[in-house]
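The values are calculated or read from the model by the stated rules, or taken from the named source; none is laboratory data. In this text the structure is predicted, and so the values were computed from the model without any measurement. We place every Cβ from the backbone using ideal geometry, glycine too, and count neighbours over all the protein chains shown. Keep in mind that these areas ignore ligands, DNA and RNA; they rest on the heavy atoms of the full protein, side chains included. Shrake-Rupley method; radii C 1.70, N 1.55, O 1.52, S 1.80 Å.
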Amino acid sequence: MNWSAALPTFFITLREGVEAALVVGIVFACLQQAQQQKLHRWVYLGILSGILASFVVGLLIHLGLQGLQTSEQLYAPVFKQLFEVGLGAIAIAMLSWMLIWMTRQARFLKAEIRRFPSKLPWVKITAQLGQFSA
């Protein structure tokens with residue numbers, strides 16, 4: 001096996017897994033602080049649905065690229081590159097949006113936790129964030 005090709009993918013996957021665990025930990029801490037442990041099951045459901053959705057989307061992308069790679073069509077190599085560029089653009093847009101959104105939300109989150117720790121309307125939103133981030 002050629003480890004030089006697998007190593008970058010391993011490190012990217014490891015980094016993303018640690019980041020996801022950090023976000024889930026923050027969501028659990030917020031729920032704990034707000035005394036809303038009953039919402040933990042929604043976070044777990046979000047984690048499972050995120051893993052399942054990632055697997056399905058990854059499988060579809062893999063099958064699409066494999067189909068383009070084995071195609072006898074004249075323009076298949078061009079479509080493969082366009083497909084990869086499109087996926088890259090979507091990834092950049094999603095990460096940029098997430099960064100901007102999280103930066104805006106961070107300003108208010110800490111103040112709300114300290115001000116209204118027991119009756120926060122955003123606790124359900126935080127649980128949904130746990131579903132989204134997984």
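The residue that is modelled with the lowest pLDDT, among those in region 94-134 that are in a helix (DSSP H, G or I), over 14 Å from Val23 (Cα atoms) and open to solvent by less than 60 Å² (accessible area, probe 1.4 Å), is Val123. Could you check, for region 49-69, whether at least one of its residues is surrounded by 11 or more Cβ atoms within 10 Å (Cβ to Cβ), under 30 Å from Leu109 (Cα atoms) and over 19 Å from the mean Cα position of the chain (by Cα)? Scanning region 49-69, I find no residue that is surrounded by 11 or more Cβ atoms within 10 Å (Cβ to Cβ), under 30 Å from Leu109 (Cα atoms) and over 19 Å from the mean Cα position of the chain (by Cα), so the answer is no.
One residue alone among Glu72, Glu84 is open to solvent by less than 90 Å² (accessible area, probe 1.4 Å) and modelled with pLDDT of 80 or more, and that residue is Glu84.
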